[in-house]
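The values are calculated or read from the model by the stated rules, or taken from the named source; none is laboratory data. In this text, all values refer to a predicted model and were calculated from it rather than measured experimentally. Cβ placement follows ideal geometry from the backbone for every residue including glycine, while neighbour counts extend to all protein chains displayed. The protein model used for the area step is the full one, side chains on, heavy atoms only, and it has no ligands, DNA or RNA in it. Shrake-Rupley method; radii C 1.70, N 1.55, O 1.52, S 1.80 Å.
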Amino acid sequence: MSGIVLAAVTSAETQLSVWGAQLGPDSIAGTLAVAQSFEAKHPGVHVRMLGLGVGHMNPQKLLTAIVGGTSPDLIFQARFNISDWASRGAFLPLDDLIERDRKEPNCPRSDDYYDAAWSEAVYGGHVYGIPTGADDRALYWNRGLFRQKRADLTAAGLDWRRPPRTWSELLSYSKVLTIKGKRAGFIPNFGNSWLYLYAFQNNARFLSPDGKTCTLASPETAEALDFMKRGYDIVGGFNAANEFQSGFQGGENDPFIAGQVAMKIDGDWSLPGLARYGPSLDFGVAPPPPIPDDRYARRGRFANEPNQFLTWTGGFSYAMPRGCPHREMAWQFIKFAASLEGRLIENRAQASADRAKGRMYLPRIQGLKSANEALFKLYQPADPKFAEGLRVHIGLMATSRVRPPTVVGQLLWDEHVRATEQALLGKLSSLDALKQGQDTVQREMNILASKGTYPEVSFRSIGAIAVLLALIGVAGAIFVWRRARLGKLARGEARWGYFCIAPWFVGFIVFTVEPMLASLFFSFTDYDVLSPPRWVGLRNFSDMVGPDRTNVLKAFGNAAYLAGTGVPLGISTGLAVALLLNAGVRGMRFYRTVFYLPAIVPVAASSVLWIWLLTPDPDKGLINTVWRSTIGVWMSVPSPGWLTAEAWAKPALLLMGVWGAGSGMILWLAGLKGVPTSLYEAANLDGAGPKRAFLSVTLPMLSPILFFNIVMGFIGAIQEFDRVYIMAGDESNGPSDALLVPAKYLFTNAFTYFKMGYASALAWMIFGVILLITLVQFRLAPLWVHEETGK
């Protein structure tokens, strides 16, 4: 429903546009109720609520809207991303409005909000967002399973009547409850915990107090990562846990409800799902228990000190983008939507919608303290376990921590995920993996800190350079024209020829040449689109072969694998199918159509189809279902993890590529039809069998088509993007960066890290690699490509 206008817009004095609104089936009623209530209070105002990528607001659309001067009035933004945008001047500070209206009862004040929720939307001492919803993490434990295993737990010296309270206890409980391949006692990163939670519990910080130094590789964080590794070792290791976890489903087949996972750390959003699909499940919710043992011993009693346990929180805020057309009315909407009244209206409407569907309503956690208390009183569940869970989540907000608001927030998150994977896979020690990520983040922080030392380049200068290049091109064309010795008739034909190609030529210059030249210029700058570029010379290119060499080599290495393996596989498959379809049998047109159909299926549709085919889920994964019933039975080989396993991620793409080999089949068929039968007759007279005829006649005659497919195949493999973007996700590069390819890495730098200058340099690097490979292929072509008109 993203991008669809849901609040009707009629002729009005003011149209307030809100992007990123929560318009899912479990939130749309409340979202629209707030908009409609605001309209009722402000006659003549109509609110347009649009999805457009809830949470991170689809950065491409938001970037182009701000730069193009068509910004919406408000953004419903994940607070974690606010500092990234605010640091580049994309969001407007709200301090002056807060100060002006501070005496109004519905004006947001920091004291009214939880510290974590408020501070996450503050950057550089200025407020850029007002919190609405929040979330935090708690431990969910299966009481029924604990009761079932009470004898084993008791024998291990554990109390089955309560959840674990320390790191060592958590591992002990998990060891007793785990049955490898069938049930996991506890998977450290299943649910929503991440390394952040365990590091916060161990008093770790990811940035220095002044925000200028990355401290990702602190001993406390390394200790937390070691704890996660011990947790994975109990369930069979990181890869085994991922393969086991990848088959999990949602809804009534949720692994926690089904007893496949005994304990998990998850957010408050889990409660509505449990109420809908597992209302009879005997479970408990407790503060995240695995605080280090020594600190627990000092803190004392668990039951009387629930707020001493740490968790981490996230959530959403309303923010104003630069160029907001109705700033005053947008501020009025923020005050209303974020106020206690707005929170109650939203939850009242959503509760009514849920109850109309026969569902129990459980309110989500809010950033506003009074809203949580009021909602708990209004919607306190009758079932004690759900009431207990909601109360635990509310109580934890007082001691929640947040990911540090910083201009490198997204990069810090990505590097923390990469370091976690490297350590859990045993590729690096915890400290070394974290140190590698810390160096990457610190380097970017240093670059941003020194940004002001580079000279700013005005767009007038860029325009002047473009005009100069255009004049040079025109002068060159005139020079060539005058040097050409053409007769009167030839000159007339040439003029008409140039006249006929003029529309294409103008379009080529405007839409191809100029963007290429602009990209070349930006590759020598530090440019984030939201502010003028700064000239940095060759720094972007030196970074590619220097500090960022590991990622660049990984990206091109993956592309080389796809090209070196996928191109020969695709060519041989296409040729084999063409040879089969070249036979003159009945129904051949039908078979040709069937084999060609995959080639005309849109990439997005085929990628979604293959995600479904490749899932390890036994009820959905068709390929693994067949694997288990054949290879799994005959050879006792477990089914692959495909997109969830590093070793199988790229083969999954190759398998999908083979399925679409029908596009090349058409060319092979055309080539086979063009081979003279006289050549086969001559070969037959010389005593050549089918194999010799294929090698000595068919292949040489098809060598031009083979050459074309090789060239285009390598270019396509190096430019691989759309399938990876869809199948791995826009914020992921697959397990251990197995699907990190050059174009995806370029996209990430441009639209996630705001490094358009570096992305432009990557684009020219990709262009250079493609050009070099193509030139080598053309140089080698005369050695093996057969030309009928050749010597």
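Here is a check on your reading of the model: is Phe721 under 36 Å from the mean Cα position of the chain (by Cα), open to solvent by 70 Å² or more (accessible area, probe 1.4 Å) and in contact (Cβ under 8 Å) with a residue 12 or more places away in the chain? In short, no. Summed over segment 392-414, residues that are under 15 Å from Glu444 (Cα atoms) and in a strand (DSSP E or B) total 0. For segment 511-539, the set of residues classified as surrounded by 13 or more Cβ atoms within 10 Å (Cβ to Cβ) and polar (S, T, N, Q) consists of Ser519, Ser523, Thr525, Ser531, listed by residue number. Here Ala484 fulfils each of the conditions (1) open to solvent by less than 70 Å² (accessible area, probe 1.4 Å); (2) modelled with pLDDT of 90 or more apart from (2).
Would a scan of segment 326-342 turn up a residue that is surrounded by 19 or more Cβ atoms within 10 Å (Cβ to Cβ), closer than 30 Å to Gly185 by Cβ, touching a Gly at 6+ places or on another chain (Cβ under 9 Å) and modelled with pLDDT of 80 or more? Looking through segment 326-342, none of the residues is surrounded by 19 or more Cβ atoms within 10 Å (Cβ to Cβ), closer than 30 Å to Gly185 by Cβ, touching a Gly at 6+ places or on another chain (Cβ under 9 Å) and modelled with pLDDT of 80 or more.
When segment 361-391 is examined, which residues are found to be surrounded by fewer than 21 Cβ atoms within 10 Å (Cβ to Cβ), in contact (Cβ under 8 Å) with a residue 12 or more places away in the chain and in a helix (DSSP H, G or I)? Residues satisfying the conditions are Lys369, Ser370, Glu373, Ala374, Phe376, Leu378, Tyr379, Lys385, Phe386, Glu388, Arg391. Taken over segment 51-99, the criterion of being at pLDDT 90 or above, of a type in the set (Ser, Thr, Tyr) and surrounded by fewer than 20 Cβ atoms within 10 Å (Cβ to Cβ) is satisfied by Thr70 alone.
Beta carbons closer than 6 Å, at least 6 apart along the sequence or on distinct chains, pair a first residue in segment 425-440 that is touching a residue at least 24 places away in the same chain (Cβ under 8 Å) with a second that is assigned to a loop (DSSP other than H, G, I, E, B) for Leu434/Leu216; Leu434/Ala217; Lys435/Ala217; Gly437/Leu216; Gln438/Leu216; Gln438/Ala217. Of all residues in segment 232-248, exactly one satisfies the criterion of being of a type in the set (A, V, I, L, M), under 19 Å from Thr644 (Cα atoms), in a helix (DSSP H, G or I) and open to solvent by less than 40 Å² (accessible area, probe 1.4 Å), namely Ala241. Which one of these is of a type outside the set (A, V, I, L, M, F, W, C), at pLDDT below 95, open to solvent by less than 60 Å² (accessible area, probe 1.4 Å) and not in a helix (DSSP H, G or I): Pro289, Pro279? One residue alone meets the criteria, Pro289.
The listed residues are Phe499, Phe508, and the only one of them that is part of a helix (DSSP H, G or I), out of contact with any Cys (no Cβ under 8 Å at 6 or more places or on another chain) and open to solvent by less than 80 Å² (accessible area, probe 1.4 Å) turns out to be Phe508.
With respect to (1) modelled with pLDDT of 90 or more; (2) assigned to a helix (DSSP H, G or I); (3) under 21 Å from Ala743 (Cα atoms), the lone exception for Leu575 is condition (3).
Of the listed requirements (1) on the phi < 0 side of the Ramachandran plot; (2) open to solvent by 20 Å² or more (accessible area, probe 1.4 Å), Gly587 misses just one: (1). Among residues that are loosely packed, with under 13 Cβ neighbours inside 10 Å, over 30 Å from Val417 (Cβ atoms) and out of contact with any His (no Cβ under 7 Å at 6 or more places or on another chain), Val457 is not included. Being of a type in the set (Val, Ile, Thr), in contact with a strand residue (DSSP E or B) (Cβ under 7 Å, 6 or more places away or on another chain) and open to solvent by 10 Å² or more (accessible area, probe 1.4 Å), is that true of even one residue in segment 249-257? No, segment 249-257 has no match at all. A single member of Lys435, Lys427 is modelled with pLDDT of 75 or more, over 30 Å from Ile365 (Cα atoms), of a type in the set (Lys, Arg) and part of a helix (DSSP H, G or I), and it is Lys435. When each of Arg48, Arg102 is tested for being charged (D, E, K, R), open to solvent by 10 Å² or more (accessible area, probe 1.4 Å) and assigned to a strand (DSSP E or B), the lone residue that passes is Arg48.
For segment 770-791, the set of residues classified as assigned to a helix (DSSP H, G or I) and open to solvent by 40 Å² or more (accessible area, probe 1.4 Å) consists of Leu771, Leu772, Ile773, Leu775, Val776, Phe778, Arg779, Leu780, Pro782, Leu783, listed by residue number. Evaluate the following for Asn733: is it without any contact (Cβ under 8 Å) to a residue 24 or more places away in the chain, closer than 27 Å to Arg534 by Cα and open to solvent by less than 30 Å² (accessible area, probe 1.4 Å)? In short, no. Between Lys229, Lys212, which is under 29 Å from Ala258 (Cβ atoms), basic (Lys, Arg), open to solvent by 40 Å² or more (accessible area, probe 1.4 Å) and over 22 Å from the mean Cα position of the chain (by Cα)? Testing whether each residue is under 29 Å from Ala258 (Cβ atoms), basic (Lys, Arg), open to solvent by 40 Å² or more (accessible area, probe 1.4 Å) and over 22 Å from the mean Cα position of the chain (by Cα) leaves just Lys229. Does Val626 satisfy being closer than 28 Å to Arg723 by Cβ, in a loop (DSSP other than H, G, I, E, B), open to solvent by 50 Å² or more (accessible area, probe 1.4 Å) and not small (Gly, Ala, Ser)? It is false that Val626 is closer than 28 Å to Arg723 by Cβ, in a loop (DSSP other than H, G, I, E, B), open to solvent by 50 Å² or more (accessible area, probe 1.4 Å) and not small (Gly, Ala, Ser).
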